[in-house]
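Peer 1: If you scroll down you'll find the structure; I have some questions about it.
Where a number appears in this text, it was derived from the coordinates with a stated rule and is not lab data. Everything quoted here is computed from the prediction, not taken from an experiment. Ideal geometry is used to build each Cβ from the backbone, glycine not excepted, and the neighbour counts take in all protein chains shown.
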Amino acid sequence: MSAVIIPWNPGEPPWDRPYAADVDAVRRDGVVRQHWTLSPGVASPVVAVRGMEVWLVILTGPPAAQGLIGHGILAAVGAPGAEHVTTTPVEIDFDALLPYGDQLPLPRLVDRVPGVLAAVGRPVVIDGTDEAAMRAVWREACLPDAGSLEPAPGSLPPTACTRVQANRFERDPEMRRTVVAHRGAACHACGLDFEQRYGLDGDALVQMHHITPPEYVDADYDVDPLVDLVPLCPTCHVVAHSRWPRPYGVGELREMLARSGFLSGTALTAEQLAAEAAAARILGASSDPKDS
Ligand SMILES: [Zn+2]
Ligand SMILES: [Zn+2]
């Protein structure tokens, strides 16, 4: 399938919200829909088809600001309007927008995708080599979030991707920062510390688990990251969600880990387990590990 390069002049419509707000919205929500009007060039609805990839480029203004800045999918293609018979209204679902100033510089883009210069003032369609080169360039410009298993939007053809539903609170980068700042980046169930075990910064790798039961999450629900989110390692996280609809709680995960001798990520020997059980019997206490 071919793709369309759409030129954007940041000083002019059609962007109808502050661009920076939409950069944040895409990071938070995964996608932002934007109305656009395609001028002649690729204006024919036959050429602009739903599902086509969109590359957003800046080709005017200060040279330092010119370059590749976004990726999206044509979500809807309208019929050319009666008053503006030469233009086609479209809806674009932008799934990746680089912050203004972080665009991939135009010289590097032109070097690999010479056809991009034909898009000055009008959209152009690319396919074949140019389309593949555009994707390769984009892969270098748009990195997936650290710790994410999903490829960055646009880094693979749409035929190789599927959209997944995600719990927005678990993905919100702002809430993650708040939670990690207050609770640290170690897994709250098994204690795994990424720095200690892998020598990597756990702040970006630990996952956020939303502990509020689904029946309490209605349209008016407002998350409190310090109460409703806990850091979990990917293993404990997938175990937590293995029960539906109410995921296992942190205390229950710790009970499971304690039962099999793996609490705090350490395998206890049979002797240690026997000693712990004996101590518990002597003290008459249950070995309830629900302490977090
Ligand atoms: Zn864990
Ligand atoms: Zn979760």
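Peer 1: Before anything else, pin down the relative contact order of the chain: Cα pairs under 8 Å, at least 6 apart, normalised by residue count, whole percent.
Peer 2: Over the chain, the number comes to 14 percent.
Peer 1: A further question on this structure: If a/c stays under 1.5 just call it rounded; otherwise compare a/b with b/c (prolate if a/b is bigger, oblate if not). Do that for the range 168-283, with a ≥ b ≥ c from the square roots of the Cα gyration tensor eigenvalues.
Peer 2: oblate
Peer 1: Scan around ILE126 for amide H atoms under 5 Å from its own, H built in the peptide plane at 1.01 Å from N, and keep only partners 5 or more places away or cross-chain.
Peer 2: ALA3, VAL4, ILE5
Peer 1: Looking only at GLY251, GLY184, GLY199, which one moves most when the chain is put into a Gaussian network model with springs between Cα atoms under 10 Å?
Peer 2: Answer for the Gaussian network model of the chain: GLY199.
Peer 1: Taking the number of other C-beta atoms within 10 Å as the exposure measure, put SER39, SER260 in order starting with the fewest.
Peer 2: The order, fewest Cβ neighbours first, is SER260, SER39.
Peer 1: Further, regarding this structure: Sorted from fewest to most neighbouring beta carbons within 10 Å, what does the list TRP244, TRP36, TRP15 look like?
Peer 2: TRP244, TRP15, TRP36
Peer 1: Can I ask one more? If each residue's Cβ is checked for other Cβ atoms within 10 Å, how do SER2, SER155 rank with the fewest at the top?
Peer 2: Values: SER2 15, SER155 20.
Arranged by neighbour count, lowest to highest, SER2, SER155 become SER2, SER155.
Peer 1: Under a GNM of the chain (C-alpha, springs under 10 Å), which listed residue has the highest mean-square fluctuation: GLY101, GLY51, GLY202?
Peer 2: Maximum fluctuation in the GNM of the chain, among the listed residues, is at GLY101.
Peer 1: Taking 0.36 nm per intervening residue step and subtracting the Cα-Cα distance, what contour gain separates VAL164 from TYR198 on full extension?
Peer 2: Between VAL164 and TYR198, full extension yields an extra 9.4 nm.
Peer 1: Can you give the translational diffusion coefficient of the chain in µm²/s, computed by Stokes-Einstein from the Kirkwood radius over Cα pairs at 37 °C and 0.692 mPa s?
Peer 2: After rounding, the answer is 147 µm²/s.
Peer 1: Which residue fluctuates the most in the chain, going by a Gaussian network model with Cα springs under 10 Å, if the choices are VAL238, VAL23, VAL54?
Peer 2: Of the options given, VAL238 has the highest mean-square fluctuation.
Peer 1: To test your reading of the geometry: what angle, between 0 and 90 degrees and rounded to tens, separates the Cα axis of helix 250-259 from the longest principal axis of the chain?
Peer 2: Helix 250-259 sits at roughly 50 degrees to that axis.
Peer 1: In nm, what is the difference between 0.36 nm times the number of residues separating ASP220 and TYR19 and their Cα-Cα distance? Present the calculation step by step, with values, prior to reporting the outcome.
Peer 2: Details: separation 201, 0.36 × 201 = 72.36 nm, distance 2.69 nm.
Once the chain is fully extended between ASP220 and TYR19, it gains 69.7 nm.
Peer 1: Put +1 on the Cβ of every Lys and Arg and -1 on every Asp and Glu Cβ in the chain; which of LEU117, LEU59, ALA185 then has its Cα farthest towards the positive end of the dipole?
Peer 2: Working it through, the farthest residue towards the positive pole turns out to be LEU117.
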